[in-house]
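Take a look at the structure below.
None of the figures in this text is laboratory data; all of them are computed from the coordinates on show. No experiment lies behind these values; they were computed from the predicted model shown. Every residue, glycine as well, gets a Cβ built from its backbone with ideal geometry; the counts of neighbours run over all protein chains shown.
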Amino acid sequence: MQFTKPNSLAIYCVVCAFLAQTQTSAQNFRVIPDKCKDVEISQRDDVLEIKTIGKDPFLVGDLVGVGANDSVLEMEVFAADGVRGFEVYLGPPFSKQARSQLPPIPESETWTTYQSEIDPEVIKKLRKPPEKMRLDLGKQEGVRLQIRAVRLRPLSAADRKARLEALRIEKERESRATKISRYLKLRYRDRIETVVVSDDKILLAGKTLSSKVDESEIQIMECPAWTDVTDDPSAFPVNATLKLGAKTWNATIPRYDGKRDRLHSSWRLSFQDRFLTARRFPTTIQTKGKNHVKERPVPFNQKGLGGIDRASPMEELPELGISAITVNILLSAFLVDKPGPGREVIPLESPSGFGSFDGENSSDDIGPVYFNPAAFRPLDATMMFARKHKIIVSGILLVPANNKQSAASMLIHPDNDGGVYSMPNLTNARSAEAYAYVLNRLARRYSNPSKPPGGITNWIVQNEVDHHHQWTNMGKQPRALVTEAYYRSMRMIYNATRQYNPHARVFASLTHSWMVDEAVGKGTRLSPREVLITLQRYSLVEGDFDWGVAYHPYPQSLFAATAWNDTKVTDGLDTPFITIQNIEVLEKFLAHRLMLNAARQPRPILLSEQGFHTDSYDTEAQANQAGSLAYAMRKIAKMPTVESFHYHRWIDHPKEGGLKMGLRTLPTPGNPHGEKKQSWYVYQAIATPDEKQATENLPGPSE
């Protein structure tokens, strides 16, 4: 999607995501409904719910207690569609000279704080403090958003200082991103062919080196999980001998350096001050024990549900014929800073070097960190139910961004500036080791779906990394840095789970916004197509691993009444969106010869989150939702690489920005799980003998 590029004179924009529960700021803007145009407005408590209904939508309101130097617009927004062409007028009068073109309001599916500086030239021309403000919401009909706590405030000294610091940081990050991009384009003459991890050793091997160097001076270098190729140093020498054969070489390295497990490290060869090879991650990880199934379990149909826990009416899963579910796993629940029953100190890597220590005896100011096994209990209950009913589980590994005052804060990326979830902190040894420890415990416990407490077959890595400012936040970053950090997290999850389950797979989580120009939400958005191409490049350069795509093909607008009227979709590989309407494009893209895995097969697809909105609960809205669901399931039934379609949501949620995608209505005091919608019965009938009768009279696209 293309957003209007803001005037560089006028604007700086800082966007920080917060949970919906965040306390709102004071408000000095009061909307005047009869002065507004092309909008439908309703108010609930302090929230304005807005829908654009014409080509020139705007809000007008009084400004109360605003000073002459108040030049920063700040508000909290919930904007699933985003707003392009966002402008602000200060007046009266609302003349051209009073207009500021501001950065777009980004798409957000949770409350987000939007801040932007008004054009200084506009402020300079005001003869007195403005009394009214007009917010122009682009030129598009059907856009929905919610706003609250709208105000003008002064530009503070802290704002000015932050702007200068942001420019310095941006320059440094761009430099690092350039280094990563160059690294991925390099073609080394030599490479490490295999990295085999066993219980106590790591065996590196390759073909005779073509580089003309003194082989006795070649150094094996370890690249720990907390380094990327731009770090100085990015790799550390290991005391191991390169054994040379006639046509091959090999080297054996102890798997453990003290208590530190080298499972998650990659490896390079160097000579003097230059690298001879790219990084190489484990190519084979020998399985520990026998607590795993002989073959990877597959779902008995494509029907799935998302975000399941024991608070849901679990007995409905077999009734609906569900074969697969996703489960959110909040990693912060496993880390605490106090001892307790069953808790154990996590041995963490010293930030000063490679020497390990027991957190109990650490002089580190952070103090010891304990693993909390009680966090397994709610997960166990869900896993046990899934095992009993032969339901495939995909675990979504999440790092909540709101735990900055707890031991779990060490998992939060240091550049996190909001969002619901964070990118894992893989910037230092201590945090990376804590992440690895939690992954290891999860992987070991849930390695076998056929035995108690049950197992996880697929591991979804964080959430919607292309919308990272909101769902996998690591601050405003160049694309190459975000993708590289995400890739290392994928590798760690893969390595940890493959130790115990030889069939474990990892999946990259992406939204329906397939092609996103770099100018759009610069530093806060990725393009899913670009992410997949980059992951494939890493696989080619550093060794392939078993990864797939967890895609979220919602309609173009999440508030769309049906799934077949999207206007920004094509059948080309450069389509702006991939939704259910053109979902075949994703399969075609992954089947391209340049995107195949090392076995020359397409990578697997999970449609791990998507649903269809009911604007109301009347007969027409419910029929449209049910028809959209039937339409989607007919399409994916023809796509063998799509293993599961995880419908979102099971039950409507009152804090989802007005979206009502559930198979059930909003809860009520007398009915905590809501009432079944028509779509509930249609979903139940799909993939059964009753499907034809249940779907034959539903709305659908015209032929």
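Remark: the range 147-154, residue by residue, has Karplus-estimated 3J(HN,Hα) of 9, 7, 6, 7, 7, 9, 9, x Hz, where x stands for each Gly or Pro and the curve is 6.51 cos²θ - 1.76 cosθ + 1.60 at θ = phi - 60°.
Give, rounded to the nearest 20 debye, the magnitude of the charge dipole that the range 13-155 has about its Cα centre when Lys and Arg contribute +1 at Cβ and Asp and Glu contribute -1 at Cβ. Could you put the intermediate results ahead of the total?
Numbers: 20 positive and 21 negative charges, 114 e Å.
Rounded to the nearest 20 debye, it is 540 debye.
Taking a Cβ cut-off of under 10 Å around PRO453, the surrounding Lys, Arg, Asp and Glu residues balance to a net charge of +3, with basic ones at +1 and acidic ones at -1.
Sparsely packed loop sites in the range 221-282 (the trypsin sites (Lys or Arg not before Pro) outside DSSP H, G, I, E and B with at most 14 other Cβ atoms within 10 Å) comprise LYS247, LYS259. The residues TRP547, TRP514, when put in order of fewest to most other Cβ atoms within 10 Å, stand as TRP547, TRP514. Given the choices (1) 26.6, 86; (2) 27.3, 90; (3) 35.7, 125, Rg and Dmax of the Cα atoms in Å derived from the coordinates of this structure is entry (1).
Run the numbers on the range 13-155 and let me know its relative contact order in percent, using alpha-carbon pairs under 8 Å that are six or more apart.
Dividing the mean separation by the residue count of the range 13-155 yields 39 percent.
Computed on the range 194-285, with alpha-carbon pairs under 8 angstrom and 6+ residues apart, the relative contact order is 39 percent.
Here's how it looks for VAL195: its modeled amide H is under 5 Å from those of THR283, THR284, which are all 5 or more places away or on a different chain.
Helix 619-636 and the long axis of the chain differ in direction by around 30°, with both axes built from C-alpha atoms.
Hey, fewest Cβ within 10 Å first, where do PHE86, PHE645, PHE271 land in order? Don't jump to the answer; show the numbers that get you there.
Details: PHE86 22, PHE645 31, PHE271 16.
Lowest to highest Cβ neighbour count: PHE271, PHE86, PHE645.
When +1 charges are put on Lys and Arg Cβ atoms and -1 charges on Asp and Glu Cβ atoms, the dipole computed for the chain relative to its Cα centre reaches about 1360 debye.
Beta bridges per DSSP, both residues in the chain: antiparallel share near 70 percent. In terms of its C-alpha gyration tensor, the range 276-338 has an oblate overall shape, because the principal axis ratio a/c (a ≥ b ≥ c, square roots of the eigenvalues) is not below 1.5 and a/b does not outweigh b/c. Take the alpha carbon gyration tensor of the range 194-285, find the square roots of its eigenvalues, order them as a ≥ b ≥ c, and report rounded if a/c is under 1.5; if not, report prolate when a/b exceeds b/c, else oblate. Oblate, since a/c reaches 1.5 and b/c is not below a/b. Between the range 33-104 and the range 140-191, the C-alpha centres lie 25 angstrom from each other.
Between GLU49 and THR668, what is the FRET efficiency for a Förster distance of 30 Å, r being their Cβ-Cβ separation, to the nearest 0.05?
Working: r = 21 Å, r/R0 = 0.69.
Once rounded, the FRET efficiency stands at 0.90.
Distance between the C-alpha centres of the range 651-696 and the range 248-327: 34 Å, rounded to the whole angstrom. Net charge in the neighbourhood of GLN219 (other residues with Cβ under 13 Å of its Cβ; Lys, Arg +1, Asp, Glu -1) is -3. Distance between the 7 Å Cα→Cβ label points at ALA311 and LYS139: 4.5 nm. Counting only alpha carbon atoms, the long axis of helix 528-542 and the longest principal axis of the chain meet at about 10°. For ILE493, neighbours were defined as the other residues whose beta-carbon sits under 12 Å from its Cβ, and their charges (Lys and Arg +1, Asp and Glu -1) total +3.
Exposure proxy check: THR511, THR570 ranked by fewest other beta carbons within 10 Å? Present the calculation step by step, with values, prior to reporting the outcome.
Working: THR511 25, THR570 14.
The order, fewest Cβ neighbours first, is THR570, THR511.
With R₀ fixed at 60 Å, the C-beta to C-beta distance from LYS404 to VAL213 puts the FRET efficiency at about 0.80. Which angle between 0 and 90 degrees, to the nearest 10, do you get for helix 376-388 versus the longest principal axis of the chain when only C-alpha atoms count? Result, in degrees: 80.
Run the numbers for THR641 and MET384: contour at 0.36 nm per residue of separation, minus the present Cα-Cα distance, in nm. That works out to 89.8 nm of additional length.
Quick check: from the Cα gyration tensor, does the range 622-686 come out rounded (a/c under 1.5), prolate or oblate? Write out the running numbers ahead of the final one.
Numbers: a/c = 2.44, a/b = 2.01, b/c = 1.21.
In terms of gyration-tensor shape, prolate.
Counting alpha carbon pairs within less than 8 Å and at least 6 residues apart, what relative contact order, in whole percent, applies to the chain?
Numbers: 1628 pairs, mean separation 76.4, N = 703.
The normalised contact order for the chain reaches 11 percent.
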